[in-house]
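The values are calculated or read from the model by the stated rules, or taken from the named source; none is laboratory data. From a predicted model like this one, the values you see are computed outputs, not experimental measurements. Please note: Cβ atoms are built from the backbone with ideal geometry, for glycine as well, and neighbour counts cover all protein chains shown. The accessibility values were calculated without ligands, DNA or RNA, using every heavy atom of the protein model including side chains. Shrake-Rupley method; radii C 1.70, N 1.55, O 1.52, S 1.80 Å.
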Amino acid sequence: MSKKQEEIAVKEQRLLSMMEENELEGICLSRAANFAWLTAGSNNRVVWGQETGAAALLIVEGQKFLVAPQNEIERLMLEQVADLGFEPWTYEWYEDRQQAIARLVGNKKIGSDIPLGNWPVIKAELKRLRFSLTDHEVERAEKLAAICSDELAAVCQAIVPGWSEWNIQVELSNRLLKQGVRASVLLVGADDRTRFKHPLPTLNPVCNYVIIGLVGEQCGLHMALTRSIYFGRVPEALRQNYNCCLAVERTYWENSVVDADSQKVFQQGINAYADLGHPEEWKRHHQGGAIGYAPREFRAGEGRREVMQDRQMLAWNPTVENTKCEDTCLVTPTGLKSMTTVPSWWPTTTVKAGNINFLRPLILEK
């Protein structure tokens, strides 16, 4: 059995347990995130921006089906789910997928990750099945983290004053795509635009200061990191704000342990902001949370309480005025494992979170 098949077997067992708990006879997965998760990185989308794709996966009474229209079924069977044990179930492109699935399952009670007929929608439970990564997923995530970390650092090294935010986006996107990584989120804010929490790239040129935020995606998995560059000596006020950012982030990380309550971790971050003299800052931007088969599997502080799982990836992203810090780590029983990294030439500071010391990037002076 290949690593991919072993990974899928683990996930199928998780699905079967969830189905039993919810008294379901089957489950239908149409969302791209769930399709990628169950197939260990395959893709059901044609239009990349859509949450659902051209095919669905159906598990019912021990059988596995790929449900897709006639004009898609051959390609998907050959290129996306070959050797994964799925049988084809097809229909004409002008017919309704729901009716095609209904012909297959009859009156059986199945769950769906999107609204389909009168079938129960299973959403939060499915997301939780994605949180704990398998050994193979950790390997894939580490490769993705290395690509995102290295290519973002290379672009930061190449930037000179006068480059536009758009130029930076083009250069980084090109580097990533050459290695099979898409930028699911790419934010570039220069100088005055660093005050925006989500600065989508414009033709605004870089003069002194730029922040680049990236969420890279490959085979369904996501990786988040943010880097900052200053041309000249970093002003003291900016340096102090960034240090406050790192201090809040440290609080998040030292409380991010297996079985931790996400809301309690979030509250510790709020307390840290107040202790550092920025009691309202947490209200100005979300603080991050879990990452995996979505840029954020959940965002802390949105009224949703989650328990942090073993081998779950987290990406906190605190902000203080014109500064932001962000990286991705893996939660393990023995402590945090950094996924994203910084090169040896980048200025860093050592942060202790629990029993782990790890390097945090400072603002790069050029």
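Structure values in brief
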{"read-out": "Number of positions in the stretch 89-110 that are under 19 Å from residue 76 (Cβ atoms), in a loop (DSSP other than H, G, I, E, B) and in contact (Cβ under 8 Å) with a residue 24 or more places away in the chain", "value": "2"}
{"read-out": "Index of the failed condition, residue 119 passing every other in (1) touching a Ser or Thr at 6+ places or on another chain (Cβ under 6 Å); (2) part of a strand (DSSP E or B); (3) of a type outside the set (Asp, Glu); (4) modelled with pLDDT under 95", "value": "(2)"}
{"read-out": "Unique match (being in a helix (DSSP H, G or I) and open to solvent by 50 Å² or more (accessible area, probe 1.4 Å)) among 263, 309, 240", "value": "240"}
{"read-out": "Residue, farthest from residue 202 (Cα to Cα), within the stretch 159-175, restricted to residues that are in a helix (DSSP H, G or I), hydrophobic (A, V, I, L, M, F, W, C) and open to solvent by 40 Å² or more (accessible area, probe 1.4 Å)", "value": "170"}
{"read-out": "Residue that is surrounded by the fewest Cβ atoms within 10 Å (Cβ to Cβ) [pool: residues in the stretch 59-84 that are acidic (Asp, Glu) and assigned to a helix (DSSP H, G or I)]", "value": "79"}
{"read-out": "In the stretch 44-56, residue farthest from residue 9 (Cα to Cα) [restricted to those that are open to solvent by 40 Å² or more (accessible area, probe 1.4 Å) and either polar (S, T, N, Q) or part of a strand (DSSP E or B) (or both)]", "value": "50"}
{"read-out": "Test for residue 179: is it open to solvent by 70 Å² or more (accessible area, probe 1.4 Å), of a type in the set (S, T, N, Q) and in contact (Cβ under 8 Å) with a residue 24 or more places away in the chain", "value": "yes"}
{"read-out": "Selection count, the stretch 9-36, where residues are in a helix (DSSP H, G or I), within 28 Å of residue 107 (Cβ to Cβ) and open to solvent by less than 20 Å² (accessible area, probe 1.4 Å)", "value": "6"}
{"read-out": "Tally, over the stretch 75-95, of residues that are over 31 Å from the mean Cα position of the chain (by Cα) and among the β-branched types (Val, Ile, Thr)", "value": "1"}
{"read-out": "Candidate set: the stretch 338-357, residues that are in contact (Cβ under 8 Å) with a residue 40 or more places away in the chain, part of a strand (DSSP E or B) and within 24 Å of the chain's Cα centre (by Cα); chosen: the one nearest to residue 206 (Cα to Cα)", "value": "351"}
{"read-out": "Given (1) open to solvent by less than 10 Å² (accessible area, probe 1.4 Å); (2) farther than 15 Å from residue 294 by Cα; (3) touching an Asp or Glu at 6+ places or on another chain (Cβ under 9 Å); (4) not polar (S, T, N, Q), number of the condition residue 4 does not satisfy", "value": "(1)"}
{"read-out": "Residue ID - least open to solvent (accessible area, probe 1.4 Å), chosen from residues in the stretch 331-366 that are of a type in the set (Ser, Thr, Tyr) and in contact with a Leu (Cβ under 9 Å, 6 or more places away or on another chain)", "value": "340"}
{"read-out": "Residue 289, sole failed condition from (1) at positive phi; (2) open to solvent by 50 Å² or more (accessible area, probe 1.4 Å)", "value": "(2)"}
